[in-house]
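J.: To start, I am sharing the structure in question, which I have written as structure tokens.
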Amino acid sequence: MPPELKDPKNGPIIEPVPRKPSPLLDPQDKQQHPDQSFYYRRPSFFNRIYLSGVIHRPNDLLFLGHGLISIIWNIVGLLFVDLPFLFTTRFRTNSERHPITWGAFYSFCMSMSRACSSSVHNVAQLRLVSNIISWFVPLRMLLLPSNSYSVKTNVQIKVHLNTLLEPERSTLGPTRARLNLDNSFNGIHRNPVNASPEYLASFLPDSHPQNLGRLANLPEESGDLGEDGTYTLRGEWIEALEDPNQEEDRTRRDGGRRPSRSNVVLLYCHGGGHVFCSATFHREVVTRMLLEIGPGARAFVVDYRLAPEDPFPAAIHDIYAAYLYLTQPNHPAITLCTNGSSANNPHHHVSTPVLPKDIVLAGDSAGAGVAIAFQLYMRDYVQPSVEPKFEMPPVTVLISAWTDISTSMPSATSRHTYCYTPSPMGVNPFVDEATFYAFPKFNFARTYLCGDSKLVPNERNCRGRHMVWEWYRHLAQHPLVSPVYTADLSGVSGATLLQTGAFDRLADDTRLYAYKLGQANLDQRVRLELYRDQVHVHQFFEFLPMADKALRTMADFIYDSQEKYNNKNNNNQAAHQLSSKTRRKTNNKYRNSSSLIEAGKKGTEKGAGTEWVVVDTNGTEWEGHDDKGCPISVLEDCWNPETREQAAANA
């Protein structure tokens, strides 16, 4: 029998039930995978309704009332405070709520968004807002040419979790063997519900003194599984179709240098703070991306599992499963579901496996953080234990990337009222427990890492407040959670484009990650685009000229990077086939050639470090680190308060 759960400080909080039987039927196999998640309590019927966004609790009336008052207050402020101020200054100075470069409709939309985000206090309220916005997606899609795209919704894949995690568990074998974990409930090391300090310390990065030189451990998943140890992963396919009008316009812009039909496949990770939003929510913006790339371009938007039902690292495993779905649809870890229809096959896009060289890994906000974590996960946890090695996507596009889960940087903690995202969204893991629980807003980071004991109890939150804090402060330092501060970024393959706005709450997250990624990979192209006077994921707002500008530069970057990647591979293959004698004779020819391989080399030299591009409000681009943002040296010291205080004292 499991031990009685008692917390010495707070007493018994929850008495969780054993989760469903493990699909590992052989007891000997169970010993090989010792750290399964032992406890899971399925949410009650009312909690499941609540988590779907149907709010029905008394405190939700306060949310609705506060939201309505905030909307009225923002409208009154715009009309009777900001507008007179702008007239007085002749529209030369930004007001508190309205930058002079914004249009009236844009300011109104931002005011409504800020009013909603400031009123939210739990995940159900967030999902209600997400559902309401998703209801208007079909209306937004009407603004696009109806014959220029196709959408296939509710694509389902059954994932066999134990098979999926075999490489990860093999790689982590030495780390977990050191902890002497097994399936018994005897001993503090052997029970994740009664986690020992040594077990929690194993999640720290390999540079931390408590886990020095060892690969950071990963917790087992805490969500629900079927009786057969599977779960269903969902997503949707979007494809850009032939459109003569669009093609003429695109040819006029790019000079006809792009192919008439694109092979690009976006593997897209949507944003939403790890707790809300969906593929449907992002359908319109992803469709516009594909239309900009050109006919034939496709996207698989992953509806990865969200917290609090499925906290870290479930989302990363889902992107790994989606990558297998694209490149190896017959992999034993996944089974394609036909949804009861054999005539209209939802998986016809992978009837022929997608070539990795055609895949572009993309994401926005928290989804961009998941995309980064997927790259690091493949490099550190999967590739060491598989043969042959996976070929990774050669291009990555990250929009307003959330790379520091604690949101400790200046832009995230700023009190300016332009961006609609909350400020901040997490707590620094180096503060004390009292500060952690004094957080006045909805804690996105805590929900992503530990879940919610009131809605979905699991082994990370079922032993009281102190253990929730211990889990949080250790997992927040994991390289896959806060990669900008705790991960080694060397060897992250492929060209990377990062886009953010000057008013973005996560601008510093994106800027510091772009800088560190460029410094760690001098042979890869890394480009940062910072858009003046734009907010978080401004590409979402189709009425903004700078949204179209961002999507155009994104398409150009994808084609340029893929072209250089293909030319590099072609020349490497040609050089490999040449005899040593022929290579000596043609050496000077290759050296002096003006072919595309030389252009690729020049691009690599230019990309040493990071291409730092600032895009003005009129679309003008200029390069240089003088983007009027917080200095990189300051951002590097924002993680650990002790380091920050020491740097301030030295200054």
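Coordinate-derived values only; no laboratory data. In this text the structure is predicted, and so the values were computed from the model without any measurement.
J.: Once phi is turned into ³J(HN,Hα) by the Karplus curve 6.51 cos²θ - 1.76 cosθ + 1.60 with θ = phi - 60°, what whole-Hz value does each residue of segment 128-134 show in order, with x for glycine and proline?
T.: Result, ordered by residue: 4, 4, 4, 5, 5, 5, 5 Hz.
J.: Could you run the Karplus curve 6.51 cos²θ - 1.76 cosθ + 1.60 with θ = phi - 60° over segment 493-498 and give me ³J(HN,Hα) per residue in whole Hz, x for Gly and Pro?
T.: 7, x, 6, 10, 10, 10
J.: Test of understanding: what is the full-extension gain from Val386 to Gln328, defined as 0.36 nm times their sequence separation minus their Cα-Cα distance?
T.: Contour length minus Cα-Cα distance gives 19.5 nm.
J.: Once you have a ≥ b ≥ c as the square roots of the Cα gyration tensor eigenvalues for segment 285-373, tell me rounded if a/c is under 1.5, and otherwise prolate or oblate according to whether a/b is larger than b/c. Please report the intermediate quantities before stating the final value.
T.: Working: a/c = 1.63, a/b = 1.11, b/c = 1.46.
Oblate, because a/c is 1.5 or more while a/b does not exceed b/c.
J.: Follow-up. Give me a comma-separated list of calculated 3J(HN,Hα) values for segment 416-425, in order, Karplus coefficients 6.51, -1.76, 1.60 applied at θ = phi - 60°, integers in Hz, x for any Gly or Pro.
T.: With coefficients 6.51, -1.76 and 1.60, one gets 5, 10, 8, 7, 8, 6, x, 9, x, 10 Hz.
J.: Here's another thing I want to ask about it. By the gyration tensor of its Cα atoms, with a ≥ b ≥ c the square roots of the eigenvalues, what is the shape of segment 353-471: rounded for a/c under 1.5, prolate for a/b over b/c, or oblate?
T.: oblate
J.: Per the Kirkwood formula on distinct C-alpha pairs, the Rh of segment 48-143 is how many angstrom? Please report the intermediate quantities before stating the final value.
T.: Values: mean 1/r = 0.0662 Å⁻¹.
Result for segment 48-143, one decimal place: 15.1 Å.
J.: Also, I was wondering about something else. For each pair in Lys441/Lys516; Lys389/Lys549; Lys152/Lys389; Lys152/Lys357, compute the distance between the two Cα atoms and list the pairs where it is over 26 Å. Could you put the intermediate results ahead of the total?
T.: Numbers: Lys441/Lys516 30 Å; Lys389/Lys549 37 Å; Lys152/Lys389 31 Å; Lys152/Lys357 23 Å.
Table pairs above 26 Å Cα-Cα are Lys441/Lys516; Lys389/Lys549; Lys152/Lys389.
J.: Enumerate the amide H contacts of Gln156 below 5 Å, restricted to partners 5 or more residues apart or on another chain; note that Pro and chain-start residues carry no placed amide H.
T.: Distant-sequence amide H within range of Gln156: Cys337.
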